[in-house]
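FYI, it's all coordinate maths here, none of it is from the lab. Predicted model, so just to flag it, every value in this text is computed and none were measured. Note that each Cβ is placed from the backbone with ideal geometry, even for glycine, and that neighbours are counted across all protein chains shown.
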Amino acid sequence: MKNKILTSLFLLLVFGFTLLDLLTPDRAFSEWENRELKGAPEISVGRIFSGEFGSDYESYMTDQFALRDSLVKIKYLADRALLKTDAGGVYISDNTLFVKQNEINREYLEKNISAMETFSLKYPSRFILVPSATYICRDALPPYAEVMDEKELFESFNFESLEFINIIDEIKADSYFRTDHHWTADGALIGYNAYRRTLGKEALAKDAFDVSEVSQDFLGTSVSKSGAVGIEPDVLEKWERGKVKSVEVYDGLKTSEYSSVYFDEYLDKKDKYSYYLGQNQPLVRIKTDSEGGKILIFKDSYAHIFSQLLIEDYSEIVLVDLRYVRERVALLLEKTFDVSLEDFDEILFLYSTDTFTTENNMLWIR
Amino acid sequence: MVFSSLLFLFRFLPIVILGYFILPRKFRNLFLLLFSLFFYAWGEPTYIALMLFSIVINFLGGIFVDKYKTTGSMKGAKTALIVSMVIDIGLLGVFKYTGFFLENVNAIMKTDLVLSIVLPIGISFYTFQMMSYVIDVYRGDTEVQKNIINFGCYVSLFPQLIAGPIVQYKTVAEQLETRAETADAFGEGVKRFMAGLSKKVLIANNLGVLWDTVSASDLTSVPALTAWLGILAFTFQIYFDFSGYSDMAIGLGKMFAFEFLENFDYPYISKSITEFWRRWHISLGTWFRDYLYIPLGGNRHGLLKQIRNIAVVWLMTGIWHGASWNFALWGLYFGVILILEKLFLLKLLKKLPSFISHVYSIFLFVYGWVIFALEDTSDILVYTKALFGSAGFLNRESMYLLLNFGLLLIIAGIFSTPLPKKLFAALEGKLPRLAFVLTVLGVVSAFVLSVVYITASSYNPFLYFRF
């Protein structure tokens, strides 16, 4: 009798899951994982005998498996129950997630530094490097978690032509999102005030901006990477000061024009950080009503939330993401926005430690 | 195909269960044969031809051995046996050892011969199974099988096809012809299969992460604590992986009314290495005993010959596990320990408190896994030094790994002893209802969690993309 119950239960589970899976329609895209899911594989005699069909079918089945997103969340909880303190390359701490730091690629680092130095001889530039939340919040990490000493890196810089603005002692634990690796607008303001100081300008307080909450349920990249559940979402704020005339975004093929630096459509998606200036694109130009000068920023996505703070102070803000540029920047700017490097009053390199020490795209600024 | 995949659990298995029990008795072996071939072909579409060829050769081998025996020609029978064995060992040699052989030729002769042959899945297992059949027919230990469907079904039976146990023909000969599927046996199979699936997916795979982390780091700078955590993780990974697979095989067998012999018997509680090898991969040990050690003379021709026989068997056991020197070394390592135990250690161990014999055995088999797990023999040396603190005793990473995997290691430790089973049996005696409720909960949660971990292993978020 008992074995009969077990048998029925097992058959129920096997056939139940199978039916549920067969009845679940395929999805093309997973917002939770932010990637396209595999579709049904092509079938042909050749592909069957090479084993390709077999392995493609398995990936297809796993990608499209019923309840996939929920199952992944249960795994996170089970891992936590086993006292694991990381998941998918993310450290899990009290209601906060920290992305593990990547190891510094010394070769890339040297190349980036020397390209910037050479560039700065001709076009004097400033450089802000944003330390990772993982380093800044090292005391909040799980016990014995490995942390790379970024201060050592910051203090090892010895620039000659480039003006390095060191913010590592000013930036604070609450300068970052808890569920995403980016800094918050508060963090970005610390960076911007440090920048203003080098220009001899006064620091701005938060109340200089018209601050409003735009989303209370931002679960960022760290949540996606770890599959974490039960983490309180972050709040996204818009910090307005000054008026935008136009925002031109060059995506590598064409230029589109927008009226705001805020992309509302991302507030309904999972990737809410893209509310600020959309996703990474090769070139962005923000024209404002302001009388100020023109600034060129070589950047990664940390500059997106940063740019909104500059609107009152500059008439033009041009952002270049070298990771998506495959030609000389001078030429690209000329071609796309009809500006030359000489036209800019200020030039800033704004990078997170991770991008700056693990990627090598600086050659395009020569 | 592997058992621990969505494909097996939610496509293959339901179709096989449905088809098998709908069909009348006389078609069931054919059905199993066809689906087993499909199971095999999923990962290795081309090597199916090799397996079919072997099946035909050994089937004919059995027929001819039997034919000559019944006509009284032992010489003819012997020839038929030798021919089939030469082909079996020849194929195994070519497909498993060619690359290794050429590597060594290249090293000695400074040549540059390359011939890459992908190892056919399960060839070591099914070759040994078929050899046991022809030899047993020759010895008169079993009847000849005249139906190629039944024979093919025996060889390719998907539960045990890829990773054992090495089922000897004589142990299932009767079941091939007459077996009675019952809901009761199916239920027993369910319990066994679920135990095996969770051992593999929940324990082995997760501890594999720890071993992968440790073995991928620069071994010269691994502190002792990390090195020990790593090899303990491997120790449990290989046990839960392999015995989990055997449990799944035995469980699936039961569902279709096959009774396979046990393959593992809590090897890690052994008090000597002799005992360890009576409890670890029993079907392989039995095979080598029956078809190599005893034919070589076993222990019947004096101590010297016995030592030689042990050495030969263990060298072979080592190489059977893989075509690489570290496996040969691993086999010899156990060969030497077993000879020493035979000579005097076993007597000594019996006199010592059992605590000491446990420590002795645990140290030796755990260290054995260092030799087994690291294919590069120079890594073995480096790792050995690391175990004894050549790069310090601990660092932040050691502590981090200890905290993150400690609980799982303890759970693995407990479940590699018979303690949970004993406690459960006691509960069953006193409170059978509660025990049954726990079994039901256990089966359901093991099932769901296994599916969770299998699905999540492909969790692959993509975070930076533009278009």
Quiz item: Which of these, A:274, A:212, A:226, has the largest mean-square fluctuation under a Gaussian network model of chain A (Cα springs below 10 Å)?
Solution: A:212
Practice problem: Please arrange B:377, B:286, B:455 by counting, for each residue, the other beta carbons lying within 10 Å of its beta carbon, fewest first. | Solution: B:377, B:286, B:455
Quiz item: Across peptide B:435-444, what mean number of C-beta atoms from other chains lies inside 10 Å of a residue's C-beta?
Solution: 2
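Assuming R0 = 25 Å, what is the FRET efficiency of residue B:257 and residue B:141, from their Cβ-Cβ distance, to the nearest 0.05? Provide the component values of the computation, followed by the final result.
Working: r = 23 Å, r/R0 = 0.92.
Efficiency at R0 = 25 Å is approximately 0.60.
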Self-check item: Shielding by other protein chains, A:68-78, mean Cβ within 10 Å
Solution: 5
Practice problem: Based on the mean of other Cβ atoms within 10 Å per residue, sort peptides B:270-276, A:89-95 so the most packed one is first. | Solution: B:270-276, A:89-95
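Just to verify a number: FRET efficiency for residue B:431 and residue A:49, C-beta to C-beta distance, R0 = 60 Å, to 0.05? Intermediate results must be reported in sequence, preceding the final value.
Numbers: r = 56 Å, r/R0 = 0.93.
Between residue B:431 and residue A:49 the formula returns 0.60.
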Exercise. Give the distance, in whole Å, between the Cα centre of the stretch A:152-179 and the Cα centre of the stretch B:274-293.
Key: 63
Quiz prompt | 13 Å reach of a label modelled at residue B:25, 7 Å along Cα-to-Cβ, counting backbone N of the stretch B:182-212 | solution = B:182
Quiz item: Alpha carbon centre of the stretch A:24-41 versus the stretch B:5-32: separation in Å?
Solution: 30
Quiz item: With axes computed from alpha carbons, what is the tilt in degrees of helix A:2-23 against the longest principal axis of chain A, rounded to the nearest 10 within 0 to 90?
Solution: 50
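Expressed as a fraction of 2.2 N^0.38 Å, the rule-of-thumb size for a compact globular protein of N residues, what is the C-alpha radius of gyration of the stretch B:236-298? Provide the component values of the computation, followed by the final result.
Details: Rg = 13.4 Å, N = 63, 2.2 N^0.38 = 10.6 Å.
It is 1.26.
Sorted from fewest to most neighbouring beta carbons within 10 Å, what does the list A:83, B:202 look like?
On the way: A:83 13, B:202 22.
Arranged by neighbour count, lowest to highest, A:83, B:202 become A:83, B:202.
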Quiz item: Which shape class, rounded, prolate or oblate, goes with the stretch B:192-295 when its Cα gyration tensor gives a ≥ b ≥ c as root eigenvalues, a/c under 1.5 marks rounded, and past that a/b bigger than b/c marks prolate?
Solution: oblate
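What number, in percent, do you get for the relative contact order of chain B if the mean sequence gap of Cα pairs under 8 Å and at least 6 apart is divided by its residue count? Don't skip to the end; give the middle numbers.
Numbers: 570 pairs, mean separation 74.6, N = 467.
Rounded, it is 16 percent for chain B.
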Quiz item: Which pairs, out of B:170/B:305; A:73/A:272; B:199/B:350; A:243/A:335; B:67/B:96, put more than 22 Å between their alpha-carbon atoms?
Solution: B:170/B:305; B:199/B:350; A:243/A:335; B:67/B:96
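Add +1 for every Lys or Arg and -1 for every Asp or Glu among the other residues with Cβ under 10 Å from the Cβ of residue A:62, and state the total.
Working: positive: A:38, A:68; negative: A:58, A:63.
Around residue A:62, the charge tally is 0.
Can you compute the FRET efficiency between residue B:445 and residue B:384 using 1/(1 + (r/R0)^6), with r the Cβ-Cβ distance and R0 = 30 Å? Round to the nearest 0.05.
Working: r = 40 Å, r/R0 = 1.34.
Using R0 = 30 Å, I get an efficiency of 0.15.
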Self-check item: Peptide B:3-13, shielding by other chains (average Cβ, 10 Å cutoff)
Solution: 4
Self-check item: Histogram of C-alpha separations across the stretch A:96-365, 5 Å bin width, %
Solution: 1, 5, 12, 18, 20, 18, 14, 8, 3, 1, 0
Practice problem: In a Gaussian network model over chain A where Cα atoms closer than 10 Å are linked, find which of A:292, A:16, A:252 has the largest mean-square fluctuation. | Solution: A:16
Quiz item: Among rounded, prolate and oblate, which fits the stretch B:6-179 when a ≥ b ≥ c are the square roots of the eigenvalues of its C-alpha gyration tensor, a/c under 1.5 means rounded, and a/b larger than b/c means prolate?
Solution: oblate
Exercise. Write out the GluC sites (Glu not before Pro) in the stretch A:1-49 meeting two conditions: DSSP loop, and at most 16 other Cβ atoms within 10 Å of their Cβ.
Key: A:31, A:42
Exercise. Take A:148, B:51, A:1, B:131 and order them by how many other Cβ atoms sit within 10 Å, fewest up front.
Key: A:1, A:148, B:131, B:51
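Show me B:381-391, A:316-326, A:332-342 ranked by packing, highest mean number of other Cβ atoms within 10 Å first.
Details: B:381-391: 17.0, A:316-326: 20.5, A:332-342: 14.0.
Answer by packing, highest mean first, reads A:316-326, B:381-391, A:332-342.
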Practice problem: Taking the dipole about the Cα centre of the stretch A:2-66, with the C-beta of Lys and Arg at +1 and of Asp and Glu at -1, give me whichever of A:57, A:37, A:11 is farthest to the positive side. | Solution: A:11
Quiz item: Can you give the extra length, in nm with one decimal, that the chain gains between residue B:305 and residue B:289 once fully stretched, where that is 0.36 nm per residue apart less the Cα-Cα distance?
Solution: 4.3 nm
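Report the gain in length on full extension from residue A:146 to residue A:163: 0.36 nm times residue separation, minus Cα-Cα distance, nm rounded to one decimal. Mind showing how you got there, number by number?
Working: separation 17, 0.36 × 17 = 6.12 nm, distance 3.08 nm.
Computed gain between residue A:146 and residue A:163 is 3.0 nm.
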Practice problem: Compare the peptides A:228-241, B:420-433 by average per-residue count of other Cβ atoms within 10 angstrom and give them in order, highest first. | Solution: A:228-241, B:420-433
